[in-house]
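Undergrad: Here it is: the structure, laid out below.
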Amino acid sequence: MCLTRSLSMWIATLALAGAVAAEEPAAAQVVSAARMLDVRSGRMLHDAEVLVRDGRIVALAHGGKHVEAANDATRIELGDRTLLPGLIDMHVHIDFDPTYSGYSGLQFNDRFWSVIAVAQARATLDAGFTTIRNLGSDAWNDVGLREAIDAGKLHGPRIVSAGYAFGATGGHCDSTFFPPSMQQRSAYNADSPEQGRQRVRELRKYGAQVIKICATGGVFSRNTEPGQQQLRFDEMRAIVEEAHMWGLKVAAHAHGSSGIRDAIRAGVDTIEHASLIDAEGIALARKHGAWLSMDIYNTDYTQAEGKKNGVLEDNLRKDRDVGELQRQNFRKAHQAGVKMVYGTDAGIYPHGQNAKQFATMVRYGMSPVEAIRSATLNAAEAPGRDDLGAIEAGRHADLIAVDGDPTANVAALEQVRWVMKGGAIEHDARATAPR
């Protein structure tokens, strides 16, 4: 009895000590910069200060005013730079490396891709992307990486993980590069509404936080064409109903016009690529409030480097066929007022270069502020996150700083000088940059 009582008191004492430690507020930080972009209004605020405590934004001030902070608050002076919210890329493949394409990746063990994802996550964070949505990986690599980052074992962005993307047997999300003798197939093919519901449940069970389906054929698969619809409306509708019941959003890879239209009608939340969207699809997206995530930069990289990297000629041909059409349809959809988020398909081009798409979006019709908003406020609103995407009280202290004014030259976002994620400074290249 005495030993039991002593053990109980010892455990209680440890628990109390832990509770006290957890409740003790972290030291406050005051981040100041010459400029700060209010992404909601599009206004550039001058002489800005942001008060951070416990990884969250507590208060803001600008125009010569100051936040109220304790005397011992850590002060971070960013000087003549612009402060923005941490960027969000809504479509990446963190365990893909574009320098190994086609069949060239078969030279490596399966776990090679798990390991390189670690460095690619770090490069993405250093580039100012504090949150990513990973829309398809192999072997649950994105789930494991997310768990390691969240546990503080690795440095990387916040990850919203899909696990495996899935679609029809023989479609874009299946394994299509091998003969029957090799018996290669995705374990998550869905060929009926009920199979689609089952796949949602299986993927969620093992860590999926968003559901990614392939509604049409694709560019970087074999024996599929981007315009081909590969999931029926009833299949997509069943998947969306099931996912939404579990509180999960659905993203649909959809290049072709009929697949885009059926995906929107089925209630899909974000349409990925949307390369061949037509006037009816644009009207449906506006009516249903679907978000478009159009990766309009990566064709530049693929056409320049793809052959050297092992991309097969048939895939390069499809990339050429849809590249400029996608960009013109991006312009049309934006002009029509369709909601847009920032998605690059990084992994098709190198991780850490995610910001290269901003300039392409501006070239095809967006203002710099609109492009930035697609990777901040919009990219938080689309998945229903009110804790990301803006420098506002209560949100995560995910902040970045760049030289110059990105609303005048959006390419400034390609050289992020300073990154904070959840109140922790993750990247600081100010000493090597001009002021």
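Undergrad: Which whole-number percentage describes the relative contact order of the range 185-230, with Cα contacts under 8 Å and a sequence gap of 6 or more?
TA: 22
Undergrad: Hey, can you find the accessible area per residue of the range 65-145 for me, probe 1.4 Å, expressed in square angstrom?
TA: That works out to 40 Å² per residue.
Undergrad: With the chain treated as a Gaussian network of Cα nodes joined by springs under 10 Å, which of 54, 138, 110 yields the largest mean-square fluctuation?
TA: Looking only at 54, 138, 110, the largest GNM fluctuation is found for 110.
Undergrad: With charges set only on the Cβ (+1 for Lys and Arg, -1 for Asp and Glu), what does the dipole of the range 288-435 come to about its Cα centre, in debye to the nearest 20?
TA: Dipole size: approximately 260 debye.
Undergrad: Considering the dipole of the range 21-173 built from charges on the beta carbon (Lys and Arg +1, Asp and Glu -1) around the Cα centre, which of 50, 73, 157 is farthest to its positive end?
TA: The Cα lying farthest towards the positive end belongs to 50.
Undergrad: What percent do you get for the relative contact order of the chain when only Cα pairs under 8 Å and 6+ apart count?
TA: Once divided by the residue count of the chain, the mean separation gives 18 percent.
Undergrad: Label point 7 Å out from residue 287 along Cα-to-Cβ: which residues of the range 250-279 have amide N under 16 Å?
TA: 258-268, 278-279
Undergrad: If a helix is a whole DSSP H run, which ones in the chain reach 30 Å or further along their own axis (Cα) and hold a mean Kyte-Doolittle hydropathy of at least 0.0?
TA: Result, helices passing both filters: 2-23.
Undergrad: To continue, here is another question. Dipole size in debye (nearest 20) for the chain around its Cα centre, Lys and Arg Cβ +1, Asp and Glu Cβ -1?
TA: About 300 debye.
Undergrad: Accessible area per residue for the range 283-435 in Å², computed with a 1.4 Å probe and the full protein assembly in place, what is it?
TA: It amounts to 38 Å² per residue over the range 283-435.
Undergrad: Return the carbon/sulfur percentage of the accessible area of the chain, one whole number, probe 1.4 Å, all protein chains in place.
TA: 52
Undergrad: As a test, work out the antiparallel percent of DSSP beta bridges whose residues both lie in the chain, rounded to the nearest 5.
TA: Once the DSSP bridges in the chain are tallied, antiparallel ones form about 50 percent.
Undergrad: At what distance in angstrom do the alpha carbon centres of the range 121-162 and the range 293-310 lie from each other?
TA: Cα centroid of the range 121-162 versus Cα centroid of the range 293-310: 22 Å apart.
The values are calculated or read from the model by the stated rules, or taken from the named source; none is laboratory data. From a predicted model like this one, the values you see are computed outputs, not experimental measurements. A quick note on method: Cβ atoms are made from the backbone with ideal geometry, for glycine too, and the neighbour counts reach across all protein chains shown. Quick note on the areas: whole protein, heavy atoms, side chains included, nothing else; ligands and nucleic acids left out. Shrake-Rupley method; radii C 1.70, N 1.55, O 1.52, S 1.80 Å.
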